[in-house]
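Reading through the structure tokens given below for one structure.
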Amino acid sequence: MTWLITGGAGYIGSHVVRAMAEAGESVAVLDDLSSGVRARLPQDVPLVCGSTLDRELLDRTFAELGVTGVVHLAAKKQVGESVEQPLRYYRENVHGLTVLLEAVVAAGVSRFLFSSSAAVYGMPDVELVTEDTPCLPINPYGETKLAGEWLVRAAGAAHSLSTACLRYFNVAGATRPEMADTGVFNIIPMMFERITEGEPPRIFGDDYDTPTAPVSATTSMSRIWPPPIWPWPVGWPHSRSRAISR
Ligand SMILES: NC(=O)c1ccc[n+]([C@@H]2O[C@H](COP(=O)([O-])OP(=O)(O)OC[C@H]3O[C@@H](n4cnc5c(N)ncnc54)[C@H](O)[C@@H]3O)[C@@H](O)[C@H]2O)c1
């Protein structure tokens, strides 16, 4: 089985690439390097530079690499920016996913794992968010992720594609310095910004006993029907308050 990791040069993607390679999977990366960094990837992992919007490139990549599974992480992910540039977010996150799924179906790829987001929930007025909590996104970013889940589920049902969606909350931590999260609106950079200003980091909740590594989803998804949607309240590799206490 050969997995194509879209957005594999990104913060989460580069961790997924290394974890899957270490688990013995054959992996390749497709990334337009808009926020990704080549140096995050191991030397021996093939990198195809280009966009999920480029159907020709996708067809060529699937054929040349013999891709049989896709982990789709490539996306624009800044909430504020999505409010200012909704058309760009819908084009990249929803249209990009449609083009990718068309190529997936045409190539006969059998498994598709989608990186959704807890942003699909909006601001739920509940103590504990579960799979059954209503999805009411409050910004275009969250909307594109919810629309993405619908697309993935519908394509999976219509084309016998095994699919799963992961709804991560704030992901934090890095296994090595060059793989650190540099996004200014992500949790670790925000924490350091507060510390630099002489303010303590703000914690909105306590620690939770959460599992790590959504990588395991790629092995279990082929056995699960109907396709699962997993909220993943996970710090990577540590949850929020544990990350702050370190
Ligand atoms: N970081 C978090 O806390 C978090 C939380 C919830 C969901 N997510 C989701 O996880 C995924 C990865 O997030 P991240 O934090 O690693 O972000 P990131 O910006 O570090 O990674 C995204 C990667 O996708 C690439 N990319 C973007 N658009 C592309 C396109 N059209 N074609 C090809 N490559 C493209 C970028 O160059 C980058 O390498 C995203 O889908 C994001 O929405 C992240």
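Read the figures in this text as sums done on the coordinates, not as results from a lab. What you see is a predicted model, and the numbers here were worked out from it, not measured in a lab. Cβ coordinates were reconstructed from backbone atoms using ideal geometry, including for glycine residues, and neighbour counts include every protein chain displayed.
Among 69-75, 113-119, 79-85, 191-197, what's the highest-first ranking by average C-beta atoms within 10 angstrom per residue?
Ranked from most to least packed, the peptides come out as 69-75, 113-119, 79-85, 191-197.
What is the gain in length, in nm to one decimal, between Thr68 and Val129 on full extension, counting 0.36 nm per residue of separation less the C-alpha to C-alpha distance?
18.7 nm
Is the C-alpha gyration tensor of the range 1-64 telling us rounded, prolate or oblate? Criteria: a/c under 1.5 is rounded; beyond that, a/b larger than b/c is prolate, otherwise oblate.
Taking the square roots of the gyration eigenvalues as a ≥ b ≥ c, the range 1-64 is oblate.
Mind giving me the nanometre distance, one decimal, between the label points for Arg176 and Arg60, set 7 Å out from Cα along Cα→Cβ?
3.0 nm
Find out how many positive minus negative residues lie around Glu25, taking Lys and Arg as positive, Asp and Glu as negative, among other residues whose Cβ is under 15 Å from that of Glu25.
Residues close to Glu25 contribute a combined charge of 0.
What does the C-alpha gyration tensor say about the overall shape of the range 109-189? Classify as rounded when a/c is under 1.5, otherwise prolate if a/b is larger than b/c, or oblate.
Oblate shape, in that a/c is at least 1.5 and b/c is the bigger or equal ratio.
Using modelled backbone amide H atoms (1.01 Å from N, in-plane), which distant-in-sequence or interchain residues come within less than 5 Å of Val48's amide H?
Val29, Leu30, Asp31
Just check the range 121-166 against the gyration tensor rule for me: Cα atoms, a ≥ b ≥ c as the square roots of the eigenvalues, rounded for a/c under 1.5, and otherwise prolate or oblate depending on whether a/b exceeds b/c.
oblate
If r is the Cβ-Cβ distance from Ile203 to Ala106 and R0 is 35 Å, what FRET efficiency results, to the nearest 0.05?
Result of the calculation: an efficiency of 0.15.
How large is the charge dipole for the range 1-148, taken about the Cα centre, if only the Cβ atoms of Lys, Arg (+1) and Asp, Glu (-1) carry charge, to the nearest 20 debye?
It comes to approximately 280 debye.
State, to one decimal in nm, how far the label point of Thr98 lies from the label point of Cys49, with both points 7 Å from Cα in the Cβ direction.
Distance between label points: 2.9 nm.
Once you put a point 7 Å from the Cα of Leu33 and another 7 Å from the Cα of Glu81, both along the Cβ direction, what distance in nm separates them?
1.7 nm
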